[in-house]
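Visitor: I have a structure I would like to understand better, so I am pasting it below and will then ask my questions one at a time.
The values are calculated or read from the model by the stated rules, or taken from the named source; none is laboratory data. Every value quoted in this text rests on a predicted model; they were computed, and no experiment measured them. Because the Cβ atoms are built from the backbone with ideal geometry, glycine has one as well, and the counts that use them run over all protein chains shown.
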Amino acid sequence: MATFKEFRNNVKPNWCPGCGDFSIQAAIQRAAANVGLEPEQLAVISGIGCSGRISGYINAYGLHGIHGRALPIAQGVKLANRELTVIASGGDGDGFAIGMGHTVHAIRRNVNVTYIVMDNQIYGLTKGQTSPRSAEGFKTKSTPEGSIESVLSPLEIALSAGATFIAQSFSSDLKQLTALIEAGIKHEGFSLINVFSPCVTFNKVNTYDWFKENIVNLDGEAGEGYDSSNRLAAMTKVMETNGLVTGLIYQDTKRRSYENLISGFQEQGLANQDIKLSREEFEKLAADFV
Amino acid sequence: MISQLSWKIGGQQGEGVESTDRIFSTALNRLGYYLYGYRHFSSRIKGGHTNNKIRISTQPIRAISDDLDILVAFDQESIDLNAPELRPGGVVVADAKFKPVLPEGSDARLFAVPITAIAEELGTSLMKNMVASGASWALLGLPIEVFNQAVEEEFGRKGPAIVEKNVEAVKRGAEFVLEQAGGPLEEFALEPADGKQKMFMIGNEAIGLGTVAAGCRLMSAYPITPASEIMEYLIKKLPKLGGTVVQTEDEIAAVTMAIGANYAGVRTMTASAGPGLSLMMEAIGLAGMTEQPLVIVDTQRGGPSTGLPTKQEQSDLNAMVYGTHGEIPKVVIAPASIEDCFYDTIEAFNIAEEYQVPVIIMTDLQLSLGKQSCEKLDYDRIEIRRGKLQRELPELEPNVLFKRYELTEDGVSPRSIPGDKGGLHHVTGVEHDETGRPSENALNRKQMMDKRLGKLNNLLIPEAIRVDVPHEKPEVLIIGMGSTGGTIDEARVRLEQGGMRTGHIQVRQIHPFPTESLKPYLDAAETVIVLENNATAQLASQIKLHCGFADKIRNLLKYDGNPFLPSEVYEASKEMSKVGHI
Ligand SMILES: Cc1ncc(C[n+]2csc(CCOP(=O)(O)OP(=O)(O)O)c2C)c(N)n1
Ligand code: SF4
Ligand SMILES: [Mg+2]
């Protein structure tokens, strides 16, 4: 069995020192080892942004695609070979701005993919513009007088779109984050894990200290008596905490994944099946047209 | 006896025009006639005039006809709109209910049949179409048993009582009209067909069947006219073969999902029309840059924007050839017949994997939706070639990646897929080195660009141009693409009868352009007419760009939404050939 070190490669990330994304990379590597994967069994599909580089920093199969499209690519990979573990990953702009349509529909579709959003409430790669996750009044290069749009709550959207696994974490909390990624991988269906990942260069408001002060952690006292299978309670908790809650927010273990609902879809990955039609199969298909 | 005939049925959309046409043509196909269908429809679902025309022949045909022999009309509008097409002595079978009248000056023969009344007498006006088709079938004097067989197939699922009622409707329609006409019309008696079994299908179905035969097991797509039938066909078939179709949220998701699945080793396709193709552009660049196989079908319709969504056009050529930013290798193939739709689709999947490039299959509305006879498709011609895909690989040293983008002689690198142990590599749309790692090194950049763009240097698909040039020095060489071939051929027969030396080439490989194949024919011809359904002569521009000969090339363009008619091509060719060199 591979250890987390085997999921490391020799590429030095080009993230700024102190960037929250480093810990997310480490958490994915640990979780992959903890669930017993080999590097070739894991495919990490990422979008474009500082965060999107992550697929290149993990020793596994990886695809760094185009801005906002990590999710449809990842679903394609999973449907092609369900024997693989597929992680999709990217920034808050990637998943909640340009790719928001895909996020909602990936949630509805419920293909067994784990989606890790590296949420820094800003556009890092393009050097500091507002994101749908930026708070109202947040000043950036593109909102010099402060953002005048309302902030988007991905957890509320995921709950109302019918997500079967919703978690949130903080990149400093490596233990919780690793455990949640493991749980997400093991979950049958789509799992959304939003991770607060401070951008130390462009976001001077939502800093490590700011998160430490404001986060409500369900793994602590605040979570006593919390029932993560209760959708209404989950919605209440998210609203109560202004979205600043971490831990497993909601899980539905009953709904089957998309792959398991497709009629005739086999356990063996499609990529490993024989594709040539037999003469009999072909003649039968052709007979429709005579 | 005659060897060919044109039949048309018209009415309001949703009134049974489609099903009448389907049963009528199925029965004719059983008798072994060659058929060529044309659907005129609007983008409304109910209401709005619609008509279906079938050309019936004892010989292979691949074009709609200039005129019409028999018109079945459910309303006066159908007569007003279509009667001008009737040839002298043509026949109109119309519902007596609306007191049909022929346009002034028309010499057609009108049979007013109480179509609705008979149907209602039998229980429901829904059976109008059966009464009408029974009447027109009877006028042709064709065997009724074959027709009843087709009726049984159409309604069998609904039980014997329904079948019986419909058969009765056919009979009553036939009896009524035969009494009026005094028996079958002798001038419409068709010679018997060759009885050889043919297939009868639309281009989209041939593409669907080709897709399945090619081993494609996943499709991701978003509905659009005139591409949806491909998706609808595949959703019926793929689950039985272990695969599936995903109806995505948009075409960006459709194409990127297909890229992901191809990357993971499954032949996957998407199909759309112009608006969807526009949305796919960025992703096509990703496939080109990361060297993923990808098959996209673009069933062209009238553009730009929403344009004429249910009409014929061939105006996406530039988008297919030039679309996406930056420079990538890409293949565009244009099937020119129903048979091509099947075989070229299989070839598209092979090329996509052999060269690790996106391949676009270009059709047009008439090819995608026109139902026509097709020679029996041959299982033995199905070939699956997966290029340099490697599944058995030696283990990698620690910290060494598989050279997925290895620089090779032919530019094509070995390919591994996720799950396979010795094949670990990275993929990125950022410029990368041989293992797929990002690199901004100038030398690497140039090598990688040259590698990718050089892959297709020698690509020439079988019959990259389809040539029918019987004369050494034709006075007129007509060049087309897609569905227009049959129309060109019919015009040529008439031109040759008039003493003109003609030739015809249908370009099937649009990109990379088959320059050297085409040049000698351009050289030999006196005048070259490039015929296309667009306003800016996109195919002619490719020919001039790659082959030259601008001084001989004339544009024959039609972009009013309708396919060319043989007579239009005939007249225009006569006119253009006179001019000679400019
Ligand atoms: C289609 C397209 N539009 C714009 C860009 C430019 N762009 C690259 S990353 C990015 C946003 C990055 O923000 P986010 O997704 O939050 O990632 P982060 O850098 O913060 O990790 C933008 C706008 C692009 N690459 N592609
Ligand atoms: S700019 Fe921000 S998000 Fe990007 S690497 Fe630097 S700290 Fe991280
Ligand atoms: Mg961001």
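Visitor: Out of B:Lys473, B:Lys446, B:Lys451, B:Lys455, I need the residue that is closer than 18 Å to B:Val530 by Cα and either surrounded by fewer than 18 Cβ atoms within 10 Å (Cβ to Cβ) or touching a Gly at 6+ places or on another chain (Cβ under 8 Å) (or both). Which one?
Guide: Only one candidate passes the filter, namely B:Lys473.
Visitor: Given A:Ile45, A:Ile54, which one is facing chain B (nearest Cβ under 8 Å), aliphatic (A, V, I, L, M) and crowded, with 24+ Cβ neighbours inside 10 Å?
Guide: A:Ile45
Visitor: Within the stretch A:26-42, can you find the residues that are part of a helix (DSSP H, G or I) and more than 11 Å from chain B (Cβ to nearest Cβ)?
Guide: Hits for the stretch A:26-42 are A:Ala26, A:Ala27, A:Ile28, A:Gln29, A:Arg30, A:Ala31, A:Ala32, A:Ala33, A:Asn34.
Visitor: Here's something else I'd like to know. Taking only pairs six or more apart or across chains, which ones have beta-carbon atoms under 6 Å, a first residue in the stretch B:485-496 that is in contact (Cβ under 8 Å) with a residue 40 or more places away in the chain, and a second residue that is surrounded by fewer than 21 Cβ atoms within 10 Å (Cβ to Cβ) and not hydroxyl-bearing (Ser, Thr, Tyr)?
Guide: Once the first residue is in contact (Cβ under 8 Å) with a residue 40 or more places away in the chain and sits in the stretch B:485-496, its partners that are surrounded by fewer than 21 Cβ atoms within 10 Å (Cβ to Cβ) and not hydroxyl-bearing (Ser, Thr, Tyr) give B:Thr487/B:Pro566; B:Glu490/B:Pro566; B:Ala491/B:Pro566.
Visitor: While we're on this one: Being under 15 Å from the mean Cα position of the chain (by Cα) and either of a type in the set (D, E, K, R) or surrounded by fewer than 24 Cβ atoms within 10 Å (Cβ to Cβ) (or both) is the filter; apply it to the stretch A:57-84 and report the residue that is farthest from ligand 1 (Cβ to nearest atom).
Guide: Per the stated criteria, the residue is A:Lys78.
Visitor: Pick from the stretch A:56-95 the residues that are away from ligand 3 (no atom under 16 Å from the Cβ) and of a type in the set (S, T, N, Q): which of them is farthest from B:Thr244 (Cα to Cα)?
Guide: Ranking the qualifying residues of the stretch A:56-95, first place goes to A:Asn59.
Visitor: Same structure again: Please determine whether any residue of the stretch B:551-561 is touching a Lys or Arg at 6+ places or on another chain (Cβ under 7 Å), surrounded by fewer than 22 Cβ atoms within 10 Å (Cβ to Cβ) and either under 26 Å from B:Gly307 (Cα atoms) or modelled with pLDDT under 95 (or both).
Guide: Looking through the stretch B:551-561, at least one residue is touching a Lys or Arg at 6+ places or on another chain (Cβ under 7 Å), surrounded by fewer than 22 Cβ atoms within 10 Å (Cβ to Cβ) and either under 26 Å from B:Gly307 (Cα atoms) or modelled with pLDDT under 95 (or both).
Visitor: Continuing with this model, one more query. Taking the stretch B:300-341, which residues are closer than 18 Å to B:Ile230 by Cα and not charged (D, E, K, R)?
Guide: Within the stretch B:300-341, B:Gln300, B:Pro309, B:Thr310, B:Gln312, B:Ile333, B:Ala334, B:Pro335, B:Ala336, B:Ser337, B:Ile338, B:Cys341 qualify.
Visitor: Moving on to the next point. Only one of (1) at the interface with another protein chain (Cβ under 9 Å from one of its Cβ atoms); (2) under 20 Å from B:Ile351 (Cβ atoms) fails for B:Tyr405. Which number is that?
Guide: (1)
Visitor: Still on this model: It is to be established whether one or more residues within the stretch B:222-239 are without any contact (Cβ under 8 Å) to a residue 40 or more places away in the chain and at the interface with chain A (Cβ under 7 Å from one of its Cβ atoms).
Guide: Yes, some residue in the stretch B:222-239 is without any contact (Cβ under 8 Å) to a residue 40 or more places away in the chain and at the interface with chain A (Cβ under 7 Å from one of its Cβ atoms).
Visitor: Output the number of residues of the stretch A:14-37 satisfying the condition of being more than 16 Å from ligand 1 (Cβ to nearest atom), in contact with a Pro (Cβ under 9 Å, 6 or more places away or on another chain) and not hydrophobic (A, V, I, L, M, F, W, C).
Guide: 0
Visitor: Going by what's in this entry, would B:Pro293 be described as of a type outside the set (A, V, I, L, M), under 15 Å from A:Ile73 (Cα atoms), touching a residue at least 60 places away in the same chain (Cβ under 8 Å) and more than 11 Å from chain A (Cβ to nearest Cβ)?
Guide: So B:Pro293 passes the test.
Visitor: Further, regarding this structure: Restricting attention to the stretch A:8-25, and to residues there that are more than 16 Å from ligand 3 (Cβ to nearest atom) and within 11 Å of chain B (Cβ to nearest Cβ), which single residue is surrounded by the fewest Cβ atoms within 10 Å (Cβ to Cβ)?
Guide: Per the stated criteria, the residue is A:Asn10.
Visitor: Just to be sure, is B:Val163 assigned by TED's automatic domain parsing to the domain that holds B:Tyr38 and in contact with a helix residue (DSSP H, G or I) (Cβ under 7 Å, 6 or more places away or on another chain)?
Guide: Against the criterion (assigned by TED's automatic domain parsing to the domain that holds B:Tyr38 and in contact with a helix residue (DSSP H, G or I) (Cβ under 7 Å, 6 or more places away or on another chain)), B:Val163 qualifies.
Here is a yes/no grid of residues against (1) surrounded by fewer than 20 Cβ atoms within 10 Å (Cβ to Cβ); (2) modelled with pLDDT of 95 or more; (3) out of contact with any Pro (no Cβ under 7 Å at 6 or more places or on another chain); (4) outside any strand (DSSP E or B):
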{"site": "B:Asp21", "(1), (2), (3), (4)": "no, no, yes, yes"}
{"site": "B:Phe24", "(1), (2), (3), (4)": "no, no, yes, yes"}
{"site": "B:Ser43", "(1), (2), (3), (4)": "yes, no, no, yes"}
{"site": "B:Thr50", "(1), (2), (3), (4)": "no, no, yes, no"}
{"site": "B:Arg55", "(1), (2), (3), (4)": "no, yes, yes, no"}
{"site": "B:Ile61", "(1), (2), (3), (4)": "no, no, yes, yes"}
{"site": "B:Ser65", "(1), (2), (3), (4)": "no, no, yes, yes"}
{"site": "B:Asp69", "(1), (2), (3), (4)": "no, yes, yes, no"}
{"site": "B:Leu81", "(1), (2), (3), (4)": "yes, no, yes, yes"}
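Visitor: Is it the case that B:Glu120 is more than 14 Å from B:Arg172 (Cβ to Cβ) and either part of a strand (DSSP E or B) or out of contact with any Leu (no Cβ under 8 Å at 6 or more places or on another chain) (or both)?
Guide: Answer is no for this residue.
Visitor: With the requirement that a residue be surrounded by fewer than 21 Cβ atoms within 10 Å (Cβ to Cβ), under 30 Å from B:Glu121 (Cα atoms) and among the acidic types (Asp, Glu), what does the stretch B:83-101 give you?
Guide: Within the stretch B:83-101, no residue meets the criteria.
Visitor: Could you name every one of the helices (runs of 4 or more DSSP H) located completely within the stretch A:210-290 that has at least 1 residues being in contact (Cβ under 8 Å) with a residue 60 or more places away in the chain and of a type outside the set (A, V, I, L, M, F, W, C)?
Guide: A:231-240, A:258-261
Visitor: Taking the stretch A:260-290 as the search range and keeping residues that are among the charged types (D, E, K, R) and more than 9 Å from every other protein chain (Cβ to nearest Cβ), which one is surrounded by the most Cβ atoms within 10 Å (Cβ to Cβ)?
Guide: Selected residue: A:Lys284.
Visitor: Could you say whether any residue in the stretch A:71-93 is within 16 Å of ligand 2 (Cβ to nearest atom) and facing chain B (nearest Cβ under 8 Å)?
Guide: Checking the stretch A:71-93: not a single residue is within 16 Å of ligand 2 (Cβ to nearest atom) and facing chain B (nearest Cβ under 8 Å).
Visitor: Considering the stretch B:259-283 alone, what residues qualify as being surrounded by 24 or more Cβ atoms within 10 Å (Cβ to Cβ) and of a type in the set (A, V, I, L, M, F, W, C)?
Guide: B:Ile259, B:Ala261, B:Ala264, B:Val266, B:Met269, B:Ala271, B:Ala273, B:Leu277, B:Met280, B:Ala283
Visitor: Hand me the list of strands (runs of 3 or more DSSP E) wholly inside the stretch A:90-204 holding 1 or more residues that are of a type in the set (A, V, I, L, M, F, W, C) and within 10 Å of ligand 1 (Cβ to nearest atom).
Guide: Answer list for the stretch A:90-204: A:114-119.
Visitor: Taking the stretch A:103-149 on its own, how many of its residues are within 16 Å of ligand 2 (Cβ to nearest atom), among the small types (Gly, Ala, Ser) and surrounded by fewer than 24 Cβ atoms within 10 Å (Cβ to Cβ)?
Guide: Here the count works out to 2.
Visitor: Now for a different question. Across the stretch A:1-24, what is the total count of residues that are of a type in the set (Val, Ile, Thr) and closer than 29 Å to A:Gln121 by Cα?
Guide: Here the count works out to 2.
Visitor: Looking only at residues that are of a type in the set (Val, Ile, Thr) and touching an Asp or Glu at 6+ places or on another chain (Cβ under 9 Å) in the stretch B:296-342, which one is surrounded by the fewest Cβ atoms within 10 Å (Cβ to Cβ)?
Guide: The qualifying residue surrounded by the fewest Cβ atoms within 10 Å (Cβ to Cβ) is B:Thr324.
Visitor: Moving on. Just to be sure, is B:Ala214 touching a residue at least 12 places away in the same chain (Cβ under 8 Å) and either surrounded by fewer than 24 Cβ atoms within 10 Å (Cβ to Cβ) or more than 7 Å from chain A (Cβ to nearest Cβ) (or both)?
Guide: Yes.
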